[in-house]
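No value in this document is a laboratory result; all are computed from the given coordinates. Keep in mind that what you see is a predicted model, and the values were worked out from it rather than measured. Every residue, glycine as well, gets a Cβ built from its backbone with ideal geometry; the counts of neighbours run over all protein chains shown.
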Amino acid sequence: MNAATNRPRTLAEKVWDDHLVVKGENGEPDLIYIDLHLVHEVTSPQAFDGLRQAGRPVRRPDLTIATEDHNTPTLNIGAQIADPISRTQIDALRTNAKEFGIRLHSLGDIEQGIVHVVGPQLGLTMPGITVVCGDSHTSTHGAFGAMAFGIGTSEVEHVLATQTLPLPPFKTMAVTVNGHLRDGVTAKDIILAVIAKIGTGGGQGYVLEYRGSAIRELSMEGRMTICNMSIEAGARAGMVAPDETTFAYLKGRTHAPEGDDWDAAVAYWKTLPTDDDAVFDAEVVLDGDLLEPFVTWGTNPGQGVALSESVPNPANIADSNERESAERALEYMDLTAGTPMKDIRVDQVFMGSCTNSRIEDLRAFASVIKGKKLADGVKLMVVPGSARVRLEAEAEGINTIVTEFGGEWRFAGCSMCLGMNPDKLQPGERCASTSNRNFEGRQGAGGRTHLVSPLVAAATAIRGTLSSPWDVE
Amino acid sequence: MDKVSTITGIGVPLRRANVDTDQIIPAEFLKRVTKTGFDDALFERWRHDPDFILNTEPFSRGTVLVAGLDFGTGSSREHAVWALWDFGFRAVIAPRFGDIFRGNSGKQGLLTAVVPEDVVEQIWAELDAIPGTEVTVDLEARTVTCGSVTSAFEIDDYTRWRLMEGLDDIGLTLRHESDIDGFESRRESWRPTTLPAR
Ligand code: SF4
């Protein structure tokens, strides 16, 4: 395509160069072509409204796909949605999809689900493409070696109208995780440790590329978990270079290339990994051998420690902003410095969200709880990422494992990740959650969130206190 | 979008760092399908407190918000910008912004000015000393002025030019329509399409 250059380049630079429609000059951003636009009901209505007002069509309905996820109920999905505002947003999406000719997977449809679970599952997300969505966790799709980022509603309108986006240049950061993860340590623990290390602003302006043996050994699901939370480190996007794991995941999926197209695609995809002598603007290195199950104690995803540690003392934090933020977080979380993390009792466990709701996540969770009982006084909700994941899990009996354990098995959607539907924490309730954000009130006003991996969520559900999979046999 | 050159109005000191977009506007307000009517939703969790600064005079009439480090991080919701805009804010000053929030602001015409942390502290001091003091953000000169404090601020040239010209994004891009057509004609057949569902 574009930009033949001999300079050694990173994965991110290669994908960018191959999508350059117009090179920005005099400080103008580059105009980048968008291969795949994912749409959901929350950030799109005003964008379609804008098009309608300006009399503009959707330029490429064939590169656009919509699903309902943020507002959808996870119980009684056949009934009318009770909340009038949720209903309005969903109705708006249905009307807009019809009017503008966009493929939509509605509640009840087999392909309905969280937008970041649906794209990869259909084989639409593939290496070397650009993906956008009006949702910050679009970074998930970078796991395939795609350049994927969240955009705002105005940009949604812009992509609908032009299939391009003006984007400023980015910096590159290598996040290298060497060694091998121990049993019980997962992709979620890697990314929580990365964010705790570089901070929630540490990735700002960067596209992160996750590299190293511990990353290469991850499944696609694990890579998606890591890229998903790149935004929590403040990064523009996160990426993993495509390899045989990627190709094997894609092969045979509904929208994956076939025949000659497949061969041409794989040949191209193999050219994408970062050149040996390419230079990153920054690098962070972690030792995968040393990682432990991780958990957050505060109200931003950077406020985390290994589960074996204690609630930190803000007085020991040198930076005054960080210290104040830690003090406020402990107050909100109702935690005392020095308390061992494992002494903290929870009221709920939430297993779901675009970070950890794929089939592999559900399998991992089920493997720990199988044959055990849910701790007294604890509620557990398991929400598959998509209708298809739900059916797949049911075929494997995971639903039965969950219900026999004492948990609730729900229909697919964002659910308690952000509490836009009826799945919310009550004020003061504490939750071990496999989602990605522990902000104040994120899971319901006054709710307290500890971010954890599916394995930690499972161990916590068994013991009723934050627990590592190493604590349960 | 209207052209912007200078914004002058009552400065509001928001003495907090890490104000993410969930704090600016909680998720439940994202359910609306219009672009306006979000003024009541701004900082909704804090607005129940009668002492919260936006509930007090003269700050309820503020148009320039002066915030701490990392304003607008977190979720990409553009509603955060609309809520600030509907309330009456036309500029936000902070030492650092969330990237997506900052991008969204430019599109709405909300000016985001980055100044060093010590300048924010000085402006807060001025605003505390005499509540109602006006802050001027001069986009042409790239300066922020409040009482005795004057500082240069950072904004990228492109956003500044667009704000000053009042240019709509889509119109700007469609000047390059033939380039887009050309790009599409070279697009490889293995790349994904969503239609028809096989
Ligand atoms: S699951 Fe949570 S983070 Fe993911 S798209 Fe839904 S609301 Fe956003």
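Of all DSSP beta bridges in chain A, what percent run antiparallel (nearest 5)? Show your work: numbers first, answer last.
Working: 12 of 53 bridges.
Once the DSSP bridges in chain A are tallied, antiparallel ones form about 25 percent.
Post the alpha-carbon centroid distance, the range A:110-169 to the range B:145-178, in whole angstrom.
26 Å
Would you mind pulling out the separation of the Cα centroids of the range A:7-29 and the range A:248-308, in Å?
21 Å
Going by how many other Cβ atoms sit within 10 Å of their own, how do B:K107, A:K370, A:K98 line up, fewest first?
Values: B:K107 21, A:K370 15, A:K98 10.
Placing the least packed residue first, the sequence is A:K98, A:K370, B:K107.
What percent of all Cα-Cα pairs in the range A:118-264 falls in each 10 Å bin, counting up from 0?
12, 41, 33, 13, 1
With an 8 Å cut-off on Cα pairs and a minimum separation of 6 or more residues, tell me the relative contact order of the range B:1-139 in percent.
34 percent
Filter the GluC sites (Glu not before Pro) in the range B:88-151 to those in DSSP coil with at most 14 other Cβ atoms within 10 Å of their Cβ, and list the result.
Working: sites: B:E117, B:E121, B:E126, B:E134, B:E140; in loops: B:E140.
Hits after loop and neighbour filter: B:E140.
For the range A:30-166, what is the largest minus smallest coordinate of the Cα atoms on each principal axis, given in angstrom and ordered from greatest to least?
Here the Cα extents, ordered largest to smallest, are 45, 35, 22 Å.
May I ask for the equivalent-ellipsoid semi-axes of the range A:378-473, computed as the square root of five times each C-alpha gyration tensor eigenvalue and listed largest first in whole Å?
Values: eigenvalues 89, 65, 23 Å².
Working from the Cα gyration tensor, I get semi-axes of 21, 18, 11 Å.
For the range A:345-422, with only Lys/Arg (+1) and Asp/Glu (-1) charged at the beta-carbon, what is the dipole magnitude about the Cα centre, in debye rounded to 20? All intermediate terms of the calculation are to be shown ahead of the outcome.
On the way: 10 positive and 9 negative charges, 17 e Å.
Computed about the Cα centre, the dipole is about 80 debye.
Treat every Asp and Glu Cβ in the range A:127-190 as -1 and every Lys and Arg Cβ as +1, leave all other atoms uncharged, and give the resulting dipole magnitude about the Cα centre to the nearest 20 debye.
On the way: 3 positive and 5 negative charges, 46 e Å.
For this selection, approximately 220 debye.
So what is the calculated 222 nm ellipticity per residue for chain B, using -39500 (n - 2.57) for each DSSP H run with n of 4 or more, over all residues, to the nearest 500 deg cm²/dmol? Write out the running numbers ahead of the final one.
On the way: 8 runs with 64 residues, N = 198.
The helix-only estimate for chain B comes to -8500 deg cm²/dmol at 222 nm.
Within the range A:229-317, list the GluC sites (Glu not before Pro) lying in a DSSP loop whose Cβ has at most 15 other Cβ atoms in a 10 Å radius. Before the final figure, lay out each step's value.
Numbers: sites: A:E232, A:E244, A:E258, A:E283, A:E309; in loops: A:E258, A:E309.
Filter output for the range A:229-317: A:E258, A:E309.
Which distance in nm do the two modelled labels at A:K251 and A:T95 give, with both placed 7 Å along the Cα-to-Cβ direction?
Simple spin-label model gives 4.7 nm for this pair.
How much net charge surrounds B:D99 when only the other residues with a Cβ under 12 Å from the Cβ of B:D99 are counted, with Lys and Arg +1 and Asp and Glu -1? Show your work: numbers first, answer last.
On the way: positive: A:K171, A:R236, B:R96, B:R102; negative: B:D70, B:D156.
It works out to a net charge of +2.
Return A:V311, B:V137, A:V284 ranked ascending by Cβ neighbour count within 10 Å, so the fewest neighbours appear first.
Values: A:V311 22, B:V137 29, A:V284 17.
Neighbour counts put them in this order, fewest first: A:V284, A:V311, B:V137.
In what order do A:M351, A:M341, A:M229, A:M333 fall by count of nearby beta-carbon atoms within 10 Å, going from fewest to most?
On the way: A:M351 32, A:M341 25, A:M229 28, A:M333 21.
Taking fewest neighbouring Cβ atoms as first place, the list is A:M333, A:M341, A:M229, A:M351.
Test of understanding: extend the Cα→C-beta vector of A:Y332 to 7 Å, then name every residue of the range B:30-48 with backbone N under 19 Å from that spot.
Counting only backbone N, you get B:30, B:41-48.
Determine the distance separating the Cα centre of the range A:356-372 from the Cα centre of the range B:11-90; give it in Å without decimals.
Value for the Cα centre distance between the two parts: 39 Å.
For each pair in B:K3/B:K35; A:K372/B:K31; A:K342/A:K424; A:K171/A:K270; A:K370/A:K424, compute the distance between the two Cα atoms and list the pairs where it is over 28 Å.
Correct reply: A:K372/B:K31.
Only Lys, Arg, Asp and Glu count, each charged at its Cβ (+1, +1, -1, -1), so figure out the dipole size of chain A about its Cα centre, rounded to 20 debye. Mind showing how you got there, number by number?
Numbers: 42 positive and 62 negative charges, 152 e Å.
Rounded to the nearest 20 debye, it is 740 debye.
Taking amide H atoms as placed 1.01 Å from N in the peptide plane, list the residues 5 or more away in sequence, or in a different chain, whose amide H sits under 5 Å from that of B:A91.
B:L65, B:L111
What distance in nm separates the two pseudo spin-label positions at A:S310 and A:S367, each 7 Å out from Cα along the beta-carbon direction?
3.4 nm
Got a sec? Charge dipole of the protein assembly as shown, +1 on Cβ for Lys and Arg, -1 for Asp and Glu; which of A:W297, A:G199, A:T10 is way out at the positive end?
Checking the options against the dipole of the protein assembly as shown, the answer is A:W297.
Per residue and in cubic angstrom, what volume does the convex hull of the Cα atoms of the range B:16-142 have? Let's see the in-between values first.
Values: hull volume 12.8 nm³, N = 127.
With only Cα atoms used, the range B:16-142 gives 101 Å³ per residue.
Under 17 Å Cα-Cα from A:K197, which lysines qualify once same-chain neighbours fewer than 8 residues away are excluded?
A:K188
What is the extension gain from A:D343 to A:A267, computed as 0.36 nm multiplied by their sequence separation minus the C-alpha to C-alpha distance, in nm to one decimal? Walk me through the intermediate numbers first.
Values: separation 76, 0.36 × 76 = 27.36 nm, distance 5.22 nm.
So the extension gain works out to 22.1 nm.
If I model a spin label at A:E396 and A:D289 as a point 7 Å from the Cα along the Cα→Cβ vector, what separation in nanometres do I get?
It works out to 3.1 nm between the two label points.
Tell me, what is the FRET efficiency for B:D118 and A:E258 to the nearest 0.05, using R0 = 60 angstrom and their Cβ-Cβ distance as r? Kindly include the intermediate steps, with their values, before the conclusion.
Details: r = 60 Å, r/R0 = 1.00.
Between B:D118 and A:E258 the formula returns 0.50.
Okay, helix-only estimate at 222 nm for chain A: each DSSP H run of n ≥ 4 adds -39500 (n - 2.57), divide by all residues, round to 500 deg cm²/dmol; what do you get? Walk me through the numbers on the way to the answer.
Details: 15 runs with 147 residues, N = 473.
Dividing the helical sum by the residues of chain A leaves -9000 deg cm²/dmol.
Which FRET efficiency value, to the nearest 0.05, is calculated for B:S5 and A:I85 with the Förster distance at 41 angstrom and r the Cβ-Cβ distance? If you can, show how the numbers build up before the last one.
Numbers: r = 38 Å, r/R0 = 0.93.
Efficiency for this residue pair is about 0.60.
Hey, can you grab everything whose amide H is under 5 Å from the amide H of A:V39? Only 5+ residues off in sequence or another chain; H modelled, so Pro and N-termini drop out.
HN-HN under 5 Å from A:V39: A:I65, A:A66, A:T67.
Which residue, chosen from A:T43, A:L374, B:T112, occupies the Cα position most advanced towards the positive end of the dipole of the protein assembly as shown, where the dipole is computed from +1 (Lys, Arg) and -1 (Asp, Glu) charges on Cβ about the Cα centre?
A:L374
Starting at the first residue of the range A:10-24, write each ³J(HN,Hα) from the Karplus equation 6.51 cos²θ - 1.76 cosθ + 1.60 with θ = phi - 60°, in whole Hz, x for Gly and Pro.
Once rounded to whole Hz, the list reads 7, 3, 4, 5, 5, 5, 4, 4, 7, 10, 6, 8, 9, 6, x.
If you wrap a convex hull around the Cα atoms of chain A, how much volume per residue is inside, in Å³?
Values: hull volume 70.1 nm³, N = 473.
Taking only Cα atoms, chain A has a hull volume of 148 Å³ per residue.
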